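Q: The structure that follows is given in the form of C-alpha cells.
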Amino acid sequence: MAILHAGIATFLRAPHVPPERAALQGAGATDVILGLPYDSTTVTRPGASHGPRAIRDASSHFAFGGGYHYDYDVTLSDELTLVDCGDVDGIPGNAARTFEMTQSALAEIYAAGCFPVLVGGDHGTTIPGARALARTLDGRMGFIMFDTHLDTAPEIGGEELSHCCPVHRVLDLPNVDGANVAIIGVHGAANPRLEVDVANAYGVTVFSVRDIDRLGIDEVSRRALEVATAGTENVYLSVDIDVLDGAYAWGTCGPEIGGMTGRELVRALELIGDGPIGALDCVEVAPMFDPSGNTARIGARVIIDVLARRALRLRDGHSTMAANPSAI
C-alpha cells in the first residue's frame, strides 16, 4: 500500500475532475468536493481560507481501505464515486462575485446529478451553497446548521454578505420558511441580542447546548430534522466547526468554551444524515490556529461521516430514521 500522505492532496485521494457537467458525467461522479478558500467576509480572526487545503490533507488519514467506515460498516467507494473539483478561485474583497462564481460551479455539479460538499472558508460559504441548492428545487428547502453562533444578522456595517449573515440570507430565499430552519449548538457570549430577536421573528428553531444537555442529542437531532423536513423537498446542512467545544477544535476563527462534544456531533450527523440532505458544507476551519492539525482532521471526519451515511442509505435503499421515507 502507498504512503497515505504521498502525492497531490485531494479529498480521500479522489481523482480531480473540473466542475463541468460533461467532465463530471464522463467520470461517473456521484459526489463532489468543491473548496471555497475564502474568508474575506470574516469579522474576527482570519484564516479559514486555508481550511479546504488543510481538510484535504487531513483526509488522507482516512483514505485507507477505500473509505471504510466502521460505525456504519460501509465502504464509501463501494457506493459512491467521489471526485474532487478543486477550489473556486475567489476574488479578494469581492464576496458578491466570488459567490456568483461558486453558484455557477455548483450549478454544473447539480446538472451532472451529483451531491456537493462545499468546503470553506468562512461561514459566508453557506450563502452561495444554499442559494445554489434552492434554485434546483421546485418546492421548499429546509435548513439545518450546527454553530455556536446564530449567524442571523441582517448585515454587518451595511454588508449583507458576511459570515455573520448566512442564516439571514437563507431566510431571504423565496422557497425557505423560517419554520423549516433549525440551528443546533448555540451558546456563549458572542451572540448579539439582535440575532436572537431575528431568529424569534422568523420562527427559527434554536437548540442550545443547554437543550442538548436537557433533551439529549438524539432528541435534538430528531426534532431538528422534523423541523427541516416538514413540507420541504430537500435540506441544506451546514456545519461550522466552532460548534464544538474549544477543547476539541481550537483551530477556528471564533472558538468558545462550553460547546458540543465530539461524540455529540458524530451522533447528530448520524441521525440527521439519515434524512433527505441535498448538500453539505463544512466551514470555519482555520488551521494555523491548531498546529496539531486536529481541527482539520475533525473537518474531514464531518464530511466523511455524512458521505458514509449517504453510502449506507444508497446501499440499503431506505432511511432507518424514516424522517422522510420517500427520500434517498
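Since every read-out is calculated from the coordinates, none of them should be taken as a lab result. On a predicted model such as this, the values are computed, not experimentally measured, just so you know. Glycine gets a Cβ as well: all are built from the backbone with ideal geometry, and neighbour counts include every protein chain shown.
Q: By its C-alpha gyration tensor, with a ≥ b ≥ c as the square roots of the eigenvalues, how is segment 47-103 shaped: rounded for a/c under 1.5, else prolate for a/b larger than b/c, else oblate?
A: Values: a/c = 3.61, a/b = 2.27, b/c = 1.59.
It is prolate, given that a/c is not under 1.5 and a/b is the larger ratio.
Q: Going by how many other beta carbons lie within 10 Å of each one, how would you line up Arg56, Arg315, fewest first? Mind dumping the intermediate values first?
A: Numbers: Arg56 25, Arg315 15.
So the ranking, lowest neighbour count to highest, is Arg315, Arg56.
Q: By count of other Cβ within 10 Å, fewest leading, how are Glu160, Glu256 ordered? Can you show the working numbers first?
A: Values: Glu160 16, Glu256 20.
By the 10 Å Cβ count, ascending: Glu160, Glu256.
Q: So, one more: Percent relative contact order of segment 90-167, based on C-alpha pairs within less than 8 angstrom and at least six residues apart? Could the numbers behind the result be given before it?
A: Numbers: 67 pairs, mean separation 21.6, N = 78.
Relative contact order, segment 90-167: 28 percent.
Q: Same structure, new question: Quick check on the chain: helices-only [θ] at 222 nm, where DSSP H runs of length 4 and up contribute -39,500 (n - 2.57) each and the sum goes over total residues. Nearest 500, please.
A: Numbers: 11 runs with 117 residues, N = 328.
Calculated mean residue ellipticity at 222 nm is -10500 deg cm²/dmol.
Q: Considering the alpha-carbon set of segment 112-210 alone, what are its Rg and its Dmax in angstrom?
A: In order Rg, Dmax, the Cα atoms of segment 112-210 give 13.3, 43 Å.
Q: Under a Cβ-Cβ cut-off of 15 Å, what is the net charge of the residues other than Phe143 that fall near it, where Lys and Arg count +1 and Asp and Glu count -1? Working shown, then result.
A: Working: positive: Arg131, Arg135, Arg140, Arg169, Arg223; negative: Asp147, Asp151, Asp172, Asp177, Glu226, Glu233, Asp240, Asp281.
The answer is -3.
Q: Also: Give me the net charge for the shell around Asp89: Cβ to Cβ below 14 angstrom, other residues only, Lys and Arg +1, Asp and Glu -1. Could you put the intermediate results ahead of the total?
A: Numbers: positive: Arg53, Arg97; negative: Asp87, Glu100.
Neighbourhood net charge equals 0.
Q: Then there is this: Would you mind counting up the charge near Ala29? Only other residues with Cβ under 14 Å from its Cβ, with Lys and Arg at +1 and Asp and Glu at -1.
A: Numbers: positive: Arg21, Arg310; negative: Glu20, Asp31, Glu79, Asp84, Glu108.
Here the charged neighbours net out to -3.
Q: Test of understanding: express the Cα radius of gyration of the chain as a ratio to 2.2 N^0.38 Å, with N the residue count. Spell out each step's value before the answer.
A: Values: Rg = 17.8 Å, N = 328, 2.2 N^0.38 = 19.9 Å.
With N residues counted in the chain, Rg over 2.2 N^0.38 Å equals 0.90.
Q: Still on this structure, please answer the following. To the nearest Å, what is the center-to-center distance of segment 223-282 and segment 136-210, using C-alpha atoms only?
A: 14 Å
Q: Do you know the relative contact order of segment 11-316, to the nearest whole percent, from alpha carbon pairs under 8 angstrom that are 6+ apart? Please list the in-between numbers first.
A: Working: 698 pairs, mean separation 69.4, N = 306.
Once divided by the residue count of segment 11-316, the mean separation gives 23 percent.
Q: Kindly rank 70-78, 117-125 from highest to lowest mean number of other beta carbons found within 10 Å of each residue. Show your work: numbers first, answer last.
A: Working: 70-78: 15.2, 117-125: 30.7.
The densest-packed peptide leads the list: 117-125, 70-78.
Q: May I ask you to list, by number, the DSSP H helices of the chain whose Cα span along the axis is at least 20 Å and whose average Kyte-Doolittle hydropathy reaches -1.0 or more?
A: Details: long enough: 95-111 (24 Å, 0.21); 294-316 (32 Å, 0.08).
TM-like helix candidates: 95-111, 294-316.
Q: Above 21 Å lies some portion of the pair distances; for segment 210-328, what is it as a whole percent of all C-alpha pairs?
A: 40 percent
Q: If neighbour count is taken as other Cβ atoms inside 10 Å, put Thr136, Thr148, Thr41 in order from fewest to most.
A: Values: Thr136 15, Thr148 29, Thr41 25.
Least to most surrounded, the residues fall as Thr136, Thr41, Thr148.
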